[in-house]
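Novice: Have a look at this one.
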Amino acid sequence: DIQMTQSPSTLSASVGDRVTITCRASQSISSWLAWYQQKPGKAPKLLIYKASSLESGVPSRFSGSGSGTEFTLTISSLQPDDFATYYCQQYNNYPWTFGQGTKVEIK
Amino acid sequence: QLQLQESGPGLVKPAETLSLTCTVSGGSITSTTYYWGWIRQPPGKGLEWIGSIYYSGSTYYNPSLKSRVTISEDTSKTQFSLKLSSVTAADTAVYYCARDLGGGYFVYWGQGTLVTVSS
């Protein structure tokens, strides 16, 4: 299985901050990576697919980059609605696997 | 607007079989592009892909669960189902059904249903 490792596990930030979350794959996954946002008690919401493609309806302050084994999710200016947990997911090889999550907290 | 809704018992006894159904509305499960998947999340933990089914009936399972999992579809009822046998407390989780557009990532999700394994 491909292991996905996110860092940091928890991130404290303020409204307006630029935030970057990293996801590393244990082997190359080309650009087959998705990012999700999850709020407590809710299903995950797709933000980014194919490493850098923004899902329809997702604010442009979210962006993704990377290929191979290292990827980043950036929130250009953190908004109150963005405090949540973020997960990366690889879909290069079965079984699809997720990172352990990064919780973005209010500083 | 596509909607997915999980249903099934919220409590299952150890060693028994967990059975859940996902009902799809606002769309067809017979599209040649889509896969339909199950993902679970133990309380306070991360996400685990359980498996997916293609409209043709082809299935893909997580090897860690493969010996216990069956995913099937009922196209006439626009539903697909999950069965997980010989459950233990480690199978306690929120179970989500979701649609994969054929790429491997999940765009539409159900709201999730908590299944607790306990005697």
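The values are calculated or read from the model by the stated rules, or taken from the named source; none is laboratory data. Because the structure is predicted, anything quoted here is derived from the model rather than measured. Here Cβ is always computed from backbone atoms with ideal geometry, including for glycine, and neighbour counts include all displayed protein chains.
Novice: Identify, from the list B:Gly110, B:Gly44, B:Gly102, the residue that is within 13 Å of chain A (Cβ to nearest Cβ) and at pLDDT below 90.
Specialist: Residue meeting the stated conditions: B:Gly102.
Novice: Only one residue in B:Thr116, B:Thr75, B:Thr92 is closer than 20 Å to A:Ala43 by Cβ, β-branched (Val, Ile, Thr) and surrounded by fewer than 16 Cβ atoms within 10 Å (Cβ to Cβ). Which one?
Specialist: So the residue among B:Thr116, B:Thr75, B:Thr92 that is closer than 20 Å to A:Ala43 by Cβ, β-branched (Val, Ile, Thr) and surrounded by fewer than 16 Cβ atoms within 10 Å (Cβ to Cβ) is B:Thr116.
Novice: Now for a separate question. Given the condition assigned to a strand (DSSP E or B), more than 12 Å from chain B (Cβ to nearest Cβ) and out of contact with any His (no Cβ under 6 Å at 6 or more places or on another chain), answer yes or no: does some residue in the range A:34-50 qualify?
Specialist: no
Novice: Let me ask you something else. Which numbered condition in (1) of a type in the set (Asp, Glu); (2) surrounded by fewer than 15 Cβ atoms within 10 Å (Cβ to Cβ); (3) away from every other protein chain (no Cβ under 13 Å) is the only one that A:Asp1 fails?
Specialist: (3)
Novice: Out of A:Ile29, A:Ile21, A:Ile106, A:Ile75, I need the residue that is at pLDDT below 95, farther than 22 Å from B:Gly110 by Cβ and either touching a strand residue (DSSP E or B) at 6+ places or on another chain (Cβ under 8 Å) or away from chain B (no Cβ under 11 Å) (or both). Which one?
Specialist: So the residue among A:Ile29, A:Ile21, A:Ile106, A:Ile75 that is at pLDDT below 95, farther than 22 Å from B:Gly110 by Cβ and either touching a strand residue (DSSP E or B) at 6+ places or on another chain (Cβ under 8 Å) or away from chain B (no Cβ under 11 Å) (or both) is A:Ile106.
Novice: State yes or no: is B:Thr33 farther than 26 Å from A:Gln3 by Cα, in contact with a Gly (Cβ under 7 Å, 6 or more places away or on another chain), at pLDDT below 95 and among the polar types (S, T, N, Q)?
Specialist: Here the answer is yes, as B:Thr33 does meet what is asked.
Novice: Here are some conditions: (1) surrounded by fewer than 21 Cβ atoms within 10 Å (Cβ to Cβ); (2) touching a Gly at 6+ places or on another chain (Cβ under 6 Å); (3) of a type outside the set (S, T, N, Q). B:Arg68 meets all but one. Which one does it not meet?
Specialist: Here B:Arg68 meets the rest and fails (2).
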